[in-house]
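One structure below.
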Amino acid sequence: MINLFRHRQVLFVLGFLILTVPPGRLLAADTEVRQSADPEAAWLAYASVDAQKVFPAIAVPDTLLVLGRSEVEGTAGDELKFGLRQMLNRVLRAGGVSDSEQARNVLVIGNESEIAAWKPSLKASKALAPEGFRLRRVVAGNKSLFLVEGADERGVLYGSFSLLRLIAQEHSLVGLNVVSAPSAPVRWTNEWDNPDGTIERGYAGRSIFFDGGKVRTDLSRVTGYARLLASVGINGCTINNVNADAKLLLPENLKEIARIAAIFRAYGVRLSLSIDMSSPQSIGGLTTFDPLAPEVADWWKKKVDEIYNAIPDFGGVIIKADSEGQPGPSQYGRTPAEAANVLARALKPYGGVVLYRGFVYNHHLDWKDPKADRARAGYDNFHKLDGEFDDNVIVQIKHGPIDFQVREPVSPLFAGLQKTNTAIELQVSQEYTGQQRHLVFLVPMWKEALDTDMMISKTVPSRVRDIVTGKTFGRSTGGFVGVVNVGLDDYWLAHPLAMANLYGFGRLAWDPTLDSATIADEWTRLTFGNDPQVRSVVNKLQLDSWHIYESYTGPLGAGTLTDIIGIHFGPGIESSERNGWGQWHRADQDGIGMDRTVTTGTGYIGQYPPALAAKYESLKTMPDELLLFMHHVPYDYRLHSGKTVIQHIYDSHYAGAAAAAAQVGEWESLRGKIPERTYLEVDRRLRYQAGHAIVWRDAVAEWFHETSGIDDRLGRVDNHPDRIEAEAMELNGYVPVAVTPWETASQGHAVVCKESGGCSAGTVFARPDGWYDVAVQYFDFNHGASRYTLQVNGTAIDQWIADNTLPSDKMDGHTSTRRVLRGVALHKGDTIRIIGVPDGQEPAPLDYVEITSPASPVVRTRAAAKR
């Protein structure tokens, strides 16, 4: 064990030395060191590439000509110089027009009019769409010109990043000819940051914008974030929580927020703010915030004028109202359209927009009413207002009708607003999908939503992606909003692989026709380089991850099996029942699922266009993956696969947990090919996920076994022959306790230590001699760092501290954690003992020990070598 700790210390020291190397001393070819030193670079790592693949038989540009003088075009030029130096070890000369005439290989950037003025012969026959770009290679005599041509300054910047993206992936530029434009004008992120520096549903540290009630003094991370956003074409960022603090609109705060906007401006990102509808009353001194009161409209107009005086390129506002306690127009009998239009009219002279969230619902529903249904709320509240919103109002609609669950159908509201601008809201922050402690690549889920045909027409597809980009109904604006919630964590989103979700959001917002595999491969190559094995393994991990997570959490559309009214992380099967939040799955002893049919249920299905409604109404055509979202069925109902619902629940959870465990081995195959710091961080998180998947598996499978009374035909559920319950062990100081909810601990019980000096739980090994893997299941509270020691015959073979940051201070599915030691030589009669020493509020709790055999030959060899 001492050797193991020494090994970890060596890794830490080496990692520290790498981190302290000044960036200027790193060679462009030393990509592994550079990536280790700067995880903040994310997919802009700019690792060295093979110049012969990018420029086969043609010369690399040696001169950069920036035709425009705008700040954004200057940013584009700087990025090109930096990227080419890093990837090709070439330093571009910054030339003027006269210099470029002398140079033979020139990289030219500028907008359409600038390029046409420079060389009229290069004017293209077709104008670019706003924010679009054109990449060309033009040969004129003995000269080779590489042109980055934008419709405007943003187009120049986006084209520059696109060129760098091609080079980073080692694509040949011989026949370079790319024309691209964004799918929609609104491509924004929402950051749910609070002025005190906390982030609602943020899992990667504190805010990069705020701290202590003010804008942060050091905004260097904001520059890095703006660069990442611009690199994938994101043109707007809302910096504060939709549960808004009205005080941010005070003059002294607007002045500070303008500092953030100035940083964004260089990267073509427009700053926006979430606002509190009650601001005219709460900070404005009025007696009302009734949107139709003249004094309220006047207050908003003056406030908007004040905002634009501080931030001339302000993008607009986000409104969350009449939902989850947020004040809204319903208090005065007014509609969302009436409220939105007051703001829209104040913003219109400046080109600003209002994004009004369609997330309006009653969270005090009567759970006893079989017709009550939160999923209906978005359509019921907004469909009747179609056509009443001003043309600079966009209704922002979550992709599903509930709340970012692991599987939902698309919201029927997308088809229900045909005269209103809409944007789809996607959640990059993994609120209900593992909170960045689990690997879940969300792009395939988003693609299913975006590619869903709403079946409005019998002849022409009406996909969600075409609705939100304005094509289907001929709307003037709309687009994509991603709830991101980056933090001060070195990896921005905590899990290094989670950055693929932010990258994927940006790429889909630009072009929603891109497929998941293409996006995953782009991200992998840009982040880790072009090694075929790395690409194969990382892409597979990403593309498999959503279905794996769904399998061990909530399959068949029963996504609300998480602790849905609390932390939204671990299992809490009954948390969604018997409350007013309306996220029920209606499971009982006879069956499971929400009846949302028109015939016998809540009528939700009838909100879809007739053809799609008919598909969902009939069990014959209902897709299995959404069955329990739409229908209540008995446990022995047979799916299209032929399995019963209950057997699918069992099989899915066991298969999902096994697949999560297999991902650890897949990642391990890349050691030495991934920067060590990043490798170790991903490895740690995948191992945690593999253990937590077992917690999920057991909790869900055993809850449904208990509820349905139907056995698993394979005999796995409630049958753990390798498991030794802590309460059944020889206890010294430990005390057995019941765990709530019962399904989140094996047999519903665990043991806790009430002795400050420590406690122990022991057992005598009664199986044949051999090599075994020993797993200890314990609980790791958010406050406290208990110490554990695993002994065999009095000798410590493993030690650890329970200091993971898990979101609970209770023994439950949020904190249940697994520690596995592989390749342990055990003999019949050996005494195995766990010693736990409490810390603070954490009483060194234990659930069970599980001993499995045999370990693999590779692990045996390694274990023998250690001994």
Percent of Cα-Cα distances greater than 18 Å, calculated over the range 47-110
37 percent
Which length gain, in nm to one decimal place, applies between K247 and S121 when the Cα-Cα distance is subtracted from 0.36 nm times their residue separation?
39.9 nm
At R0 = 25 Å, FRET efficiency that the Cβ-Cβ distance of T599 and R713 yields, to 0.05:
0.20
Where D830, D803 fall by accessible area, highest first, once all protein chains stay in place (1.4 Å)
D803, D830
Let's test this: bin the Cα-Cα distances of the range 348-456 at 10 Å from zero up to the farthest pair and state each bin's percent.
13, 39, 33, 14, 1
Rounded to the nearest 10 Å², the 1.4 Å probe accessible area of S429 is 0 Å²
For the chain, longest principal axis from Cα atoms; helix 2-19 axis from its Cα atoms; angle between them, nearest 10 degrees, is 10 degrees
How charged is the neighbourhood of L128? Take every other residue with its Cβ under 9 Å from the Cβ of L128, and add Lys/Arg as +1 and Asp/Glu as -1.
-2
Fraction of alpha-carbon pairs over 18 Å apart in the range 256-309 - percent
42 percent
Roughly how many Å² is the accessible area per residue of the chain, as a whole number, for a 1.4 Å probe?
37 Å²
A student asked for the Cα radius of gyration and Dmax of the chain in angstrom ought to give 28.7, 89
Computed from the mean reciprocal separation of all distinct C-alpha pairs, what Kirkwood hydrodynamic radius does the range 528-680 have, in Å?
17.7 Å
Proximal lysines relative to K123, as straight alpha-carbon distance under 20 Å, when same-chain residues fewer than 8 apart are discounted:
K143
Rounded if a/c is under 1.5, else prolate if a/b is larger than b/c, else oblate: which is the range 40-182, with a ≥ b ≥ c the root eigenvalues of its Cα gyration tensor?
rounded
What percentages make up the Cα-Cα pair-distance distribution of the range 143-191 when the bins are 10 Å wide from 0?
21, 48, 25, 6, 1
When all alpha-carbon pairs of the range 628-736 are counted, what percent fall beyond 19 Å?
61 percent
If you roll a 1.4 Å probe over the chain with all protein chains in place, what percent of the accessible area is carbon or sulfur?
52 percent
I'd like the antiparallel share, as a percent to the nearest 5, of DSSP beta bridges with both residues in the chain.
55 percent
Take V139 and N804, extend 7 Å from each Cα along the Cα→Cβ direction, and tell me the distance between the two endpoints in nm.
5.8 nm
Could you work out the equivalent-ellipsoid semi-axes for the range 191-303, taking the square root of 5 times each eigenvalue of the Cα gyration tensor, largest first, in whole Å?
27, 15, 12
Based on the Cβ-Cβ distance from L166 to K828, what FRET efficiency comes out when R0 is 51 Å, to the nearest 0.05?
0.20
So which trypsin sites (Lys or Arg not before Pro) in the range 396-477 are both in a DSSP loop and have at most 10 other Cβ atoms within 10 Å of their Cβ?
K458
Average projected area of the Cα convex hull of the range 458-546, in nm²?
7.8 nm²
Rounded to the nearest 5, what is the percent of antiparallel bridges among the DSSP beta bridges in the range 686-825?
95 percent
Name the cysteines of the chain that stand alone by the Cβ rule: no other cysteine Cβ under 4.7 angstrom.
C237
At q = 0.18, 0.24 Å⁻¹, what log₁₀ I(q)/I(0) does a Debye calculation on the Cα points of the range 305-412 give, no solvent, two decimals?
-0.94, -1.35
In deg cm²/dmol, rounded to 500, what helix-only [θ] at 222 nm does the chain give when every DSSP H run of at least 4 residues adds -39500 (n - 2.57) and the total is split over its residues?
-10000 deg cm²/dmol
Once the piece of chain linking N309 and V179 is laid out straight, how much longer is it, given 0.36 nm per residue of separation minus the C-alpha distance between them?
43.2 nm
In range of the label at K301: residues from the range 347-378 whose backbone nitrogen is under 14 Å from the point 7 Å along Cα→Cβ
347-350
Centroid-to-centroid separation of the range 778-799 and the range 627-647 [C-alpha atoms, Å]:
42 Å
Using a Förster radius of 56 Å, what is the FRET efficiency between A728 and E40 based on their Cβ-Cβ separation? Nearest 0.05, please.
0.70
If you build the convex hull over the alpha carbons only and average its shadow over all orientations, what do you get for the range 701-777? Give it in nm² to one decimal.
6.9 nm²
Counting pairs of alpha carbon atoms under 8 Å apart in space and at least six apart in sequence, what relative contact order in percent does the chain give?
9 percent
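The values are calculated or read from the model by the stated rules, or taken from the named source; none is laboratory data. This one's a predicted model, so the numbers in the text were calculated from it and none came from an experiment. A quick note on method: Cβ atoms are made from the backbone with ideal geometry, for glycine too, and the neighbour counts reach across all protein chains shown. The area values use the complete protein model at the heavy-atom level, side chains included, leaving out ligands, DNA and RNA. Shrake-Rupley method; radii C 1.70, N 1.55, O 1.52, S 1.80 Å.
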